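Q: Can you read through this structure? Questions will come right after.
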Amino acid sequence: MSAATTRSRTPDRLCAEAVDLARAAAEEAAAPGVVGEHSGLVSEGDRVVTHFFECKELGYRGWRWAVTVARASRAKLVTLDEVVLLPGPDALLAPEWVPWSERLRPGDMGPGDLLPTDAEDLRLEPGYTGEDEPLPSAPVSEEMAELVEAEDAELTAGTPSNLPMAPTRGSIAAVAEELGMRRARVLSRYGLHVAADRWEESFGSKTPMAQAAPAPCASCGFLVPLGGSLGQAFGLCANEFAPADGRVVSLSYGCGGHSEAAVMPKPPQPAAPVIDETRVDPFPLRPAPDSGSVPVLADEDAAELGHS
């Protein structure tokens, strides 16, 4: 270890004693009454010392005022270098800044919000470009190229959406127009896998709902099939009482709303009333004397009981 390094770790005596100078500088830079007690010092180098003072300002818990003083070689006068508010070891700090593209979560967008996509988004790949040789992954790559060569079709100067007029019949742009390939970018294989993993995690076979389901969605009558390669593993739920109504669900997903889970029996129908119209039931206007629960007594018997 060199002598210079040894001297830099030992605080300069005059700079270490300049606590009042450092406090005055901190109070001048800070608001009144927010500079606390002297909490220590550290040597920054030869004849350079930083004094720390507690910060009492609300919202800056654990922060401290750092005042750096210095002294020229062979000089007895200590001068002020800088005053700054720095976080201490236990300071309350704001979370690390994250770009908006990484903070965004599904469901954060609201009406009127715009979400721009990166030009190099891995979830997307170029769609139909109108060039002589389409992309290898395009549906018209090989077959359409052979058709163009065989039919001597014309090539347009751009995509159908950028042409001043409708493409002529027989051109690649016309065929792309019929196939619905006017989009500038389409989902890449990576984008398909990311979407499939996300849907599988939300409505897949490993969810608690699917584990307790009586049957998978593949045999449910409420499942609406999807086209393309995603239709081999996913479908759309059309059961308004199911937890995944209107959502893309895995064919191995399931819930209690399965169409064949429990067929509700029809309610029992009561028997029709039988009315005999050939017979008349008599209904007396007055009840019979012996129809009640109290026996009928003669007048002399009632007199003995005290009845008048």
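Q: For the condition loosely packed, with under 12 Cβ neighbours inside 10 Å and small (Gly, Ala, Ser), what is the one hit in Gly254, Gly204, Gly235, Gly228? Break it down into steps so the answer makes sense when it comes.
A: Working: Gly254 fails: loosely packed, with under 12 Cβ neighbours inside 10 Å; Gly204 fails: loosely packed, with under 12 Cβ neighbours inside 10 Å; Gly235 fails: loosely packed, with under 12 Cβ neighbours inside 10 Å.
Residue meeting the stated conditions: Gly228.
Q: Pull out all pairs, ordered by first then second residue, where Cβ-Cβ is under 6 Å, the residues are six or more apart or on different chains, the first lies in region 74-103 and is of a type in the set (A, V, I, L, M), and the second is open to solvent by 100 Å² or more (accessible area, probe 1.4 Å).
A: Leu92/Arg61
Q: Please count how many residues of region 59-92 are in a loop (DSSP other than H, G, I, E, B) and either β-branched (Val, Ile, Thr) or surrounded by 10 or more Cβ atoms within 10 Å (Cβ to Cβ) (or both). Please lay out each step first, then the result.
A: If we filter region 59-92 for residues that are in a loop (DSSP other than H, G, I, E, B), which is where we start, we get 59-62, 72-77, 88-92.
Then keep just the ones that are either β-branched (Val, Ile, Thr) or surrounded by 10 or more Cβ atoms within 10 Å (Cβ to Cβ) (or both); that gives 60-62, 72, 75, 88, 91-92.
Summing the residues that are in a loop (DSSP other than H, G, I, E, B) and either β-branched (Val, Ile, Thr) or surrounded by 10 or more Cβ atoms within 10 Å (Cβ to Cβ) (or both) in region 59-92 gives 8.
Q: Would you pick out the residues in region 31-58 that are of a type in the set (Asp, Glu), in a loop (DSSP other than H, G, I, E, B) and either out of contact with any Lys or Arg (no Cβ under 7 Å at 6 or more places or on another chain) or closer than 14 Å to Ala18 by Cβ (or both)? Quick ask: steps written out before the conclusion?
A: Initially, region 31-58 is screened for residues of a type in the set (Asp, Glu), giving 37, 44, 46, 54, 57.
In the following step, the residues that additionally are in a loop (DSSP other than H, G, I, E, B) were identified as 46, 57.
Hit for region 31-58 is Glu57, nothing else.
Q: Just a yes or no: is a residue in region 23-36 under 51 Å from the mean Cα position of the chain (by Cα), modelled with pLDDT under 90, closer than 30 Å to Ala195 by Cβ and open to solvent by 70 Å² or more (accessible area, probe 1.4 Å)?
A: no
Q: Here is a further query. Would you please name the residue that is most open to solvent (accessible area, probe 1.4 Å), looking only at residues in region 118-135 that are modelled with pLDDT of 70 or more and part of a loop (DSSP other than H, G, I, E, B)? First the steps, then the outcome.
A: As a first pass, look at region 118-135 and keep what is modelled with pLDDT of 70 or more: 118-126.
Of the ones still in play, those that are also part of a loop (DSSP other than H, G, I, E, B) are 118-123.
Numbers: Asp118: 97, Ala119: 80, Glu120: 143, Asp121: 27, Leu122: 118, Arg123: 112 Å².
This residue is Glu120.
Q: Determine which single condition Val42 fails, assuming it passes every other condition in (1) modelled with pLDDT under 90; (2) touching a strand residue (DSSP E or B) at 6+ places or on another chain (Cβ under 9 Å); (3) among the β-branched types (Val, Ile, Thr).
A: The single condition Val42 does not satisfy is (1).
The values are calculated or read from the model by the stated rules, or taken from the named source; none is laboratory data. Remember, predicted model here, so these are calculated numbers, not experimental data. Using ideal geometry, Cβ is built from the backbone for each residue, glycine included, and neighbour counts are taken over all protein chains shown. Heavy atoms of the whole protein, side chains included, go into the accessibility calculation; ligands, DNA and RNA do not. Shrake-Rupley method; radii C 1.70, N 1.55, O 1.52, S 1.80 Å.
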